[in-house]
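Quick note: the coordinates plus some simple rules give every number you see, no bench work behind them. Treat the numbers as computed from the prediction; the structure is a model and nothing was measured. Here the Cβ positions follow ideal geometry from the backbone for every residue, glycine too, while neighbour counts run over all protein chains shown.
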Amino acid sequence: MKFPGVLRSKLPKQGTTIFTVMSGLAREHNAVNLSQGFPDFSIPSRLVELTHSYMQKGFNQYSPMQGVLALREKLAEKVEELYSAKYNPEAEITITAGATQAIYTAISAFVNEGDEVIIFEPAYDCYVPAIEIHGGKPVYVQMNLSGELIDWEKVKKLISQRTRMIIINTPHNPSGRVMNAQDMAKLQKLTDGTDIIILSDEVYEHIIFDGMEHQSVARFPKLADRSIIVSSFGKTYHNTGWKIGHVMAPSDLMKEFRKVHQFNVFSVNTPAQHALAEFLNDKEHYVKLGAFYQEKRDTFNRLLQDSNFKIRPSEGTYFQLLDYSAISDEKDTDYAIRLTKEVGVASIPVSVFYHDKNEDKLLRFCFAKEDETLEKAAEKLMTL
């Protein structure tokens, strides 16, 4: 079948996401899939039991549009304890169908035709399409992946009367870099006295390494007043397929966010919300998550320490960048495909996270895997 009229695509340059492509290629060639960011180990059994129990108790109908209040209250307690920030669970926290929906909804609510949105590259691939589909214009700032992360003077020069939003992501996917307190202070100073909204993607907030501390915008009052913070239960509890996240923002921003949220999702999985509210009492899980994944990172890097890849140790997230310039001069997109087909390990080429294809020889590997999986992948990569 074929549409008989003229199609007018709102995203004419957009194809299928690289994550779908590389995971599909991994399945086709029976490769070890270190491309798409999902764990291959079980979620906490207690969380499964709790969800089942709430289903059996009859919590199977629509939840409130804003989310189950008990879960929002627990999140308010958590963020106050971690970041010394107060959010009203009634008016300033909303449960979402994952972080990507939250990001899309935030952009939908605030970005209008002709507005400019500053993003930092390499940028996660859901930002730009959401900006463009609403008539906004992405303005790009390239990060330094091996030194001082952001040139804030450059950012200052790019801010204009059209700047509506700045999107930040820390810990950062795909690079594994982390913004520090000085970065946040500079961002706060740059935006002070403006109408700019900060969209802060903090889905890996608990996955941070080497004694570093997550610098949420919630820690900085003048930033928090203008920020929409996006977080993810999927990254914290290894249940990415549940697609449950949450958003925190001042009440006036949240009011606008919910106007859109109610029409593109309305409500989120009810029994899972109740289960998460109860499971949040187990603080040890998210408190120790960084140490858990640091061990995974160290295992993966140790297995590859004598390889021909150059390792750029991750500071956070569950992704590791490997520089393959000593192995091949191929484009990263071509090399990633060949690596999947011929060697049997799937990764993500980092150039796809740039609007102009970057020529760095970098691949992103997910180490949120069983040690057996990491060992199998490393054995194959050591042959190069």
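The table below gives the values:
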{"read-out": "Alpha carbon centroid spacing (whole Å) that separates the stretch 142-189 from the stretch 109-131", "value": "14"}
{"read-out": "DSSP-assigned coil residues among trypsin sites (Lys or Arg not before Pro) in the stretch 186-266, each with at most 10 further Cβ atoms within 10 Å", "value": "none"}
{"read-out": "Debye intensity ratio I(q)/I(0), log10, the chain, q values 0.12 Å⁻¹ (C-alpha model)", "value": "-0.97"}
{"read-out": "Förster-model FRET efficiency, 56 Å R0, T194 and S42, C-beta, rounded to 0.05", "value": "0.75"}
{"read-out": "DSSP-loop chymotrypsin sites (Phe, Trp or Tyr not before Pro) across the stretch 240-326, with at most 15 other Cβ within 10 angstrom", "value": "F266"}
{"read-out": "Spin-label pair I159/E213, simplified geometry with 7 Å Cα→Cβ offset, distance in nm", "value": "2.5"}
{"read-out": "Net length gained if the chain between Y62 and D151 were fully extended (0.36 nm per residue, minus Cα distance)", "value": "27.5 nm"}
{"read-out": "Where trypsin sites (Lys or Arg not before Pro) fall in DSSP loop in the stretch 39-107, at most 10 other Cβ within 10 Å", "value": "K57"}
{"read-out": "Separation in nanometres of the label points that stand 7 Å from Cα toward Cβ, at M382 and Y140", "value": "3.8"}
{"read-out": "Extension gain (nm, one decimal) between V287 and F19, 0.36 nm per residue minus Cα-Cα", "value": "93.6 nm"}
{"read-out": "Computed E for E73/N112 - FRET, C-beta separation, R0 35 angstrom, nearest 0.05", "value": "0.55"}
{"read-out": "Cα-based Kirkwood hydrodynamic radius, the stretch 48-93, one decimal, Å", "value": "12.0"}
{"read-out": "Options Q262, Y237, S325, ranked by Cα towards positive dipole end of the chain, top entry (Cβ charges)", "value": "Q262"}
{"read-out": "Bridge type composition, the stretch 45-282 - antiparallel percent by DSSP, nearest 5", "value": "30"}
{"read-out": "Whole-percent pair-distance distribution, where bins are 5 Å wide, for the alpha carbons of the stretch 200-292", "value": "3, 11, 19, 22, 21, 16, 7, 2, 0"}
{"read-out": "Per-residue HN-Hα couplings for the stretch 334-348 [Karplus 6.51, -1.76, 1.60; θ = phi - 60°; Hz; x = Gly/Pro]", "value": "5, 5, 4, 5, 5, 4, 5, 6, 9, 9, x, 9, 9, 9, 10"}
{"read-out": "Among N88, N281, N173, residue whose mean-square fluctuation peaks in a GNM of the chain (springs only between Cα atoms under 10 Å)", "value": "N281"}
{"read-out": "Estimated [θ] at 222 nm from DSSP helical runs (n ≥ 4, -39500 (n - 2.57)) normalised by residues in the chain, nearest 500", "value": "-11000 deg cm²/dmol"}
{"read-out": "Assigned charges on the beta-carbon of Lys, Arg, Asp, Glu; the stretch 45-282 dipole about Cα centre (debye)", "value": "300"}
{"read-out": "Net lengthening on full extension, Y354/E295 (0.36 nm per residue, minus Cα-Cα)", "value": "18.3 nm"}
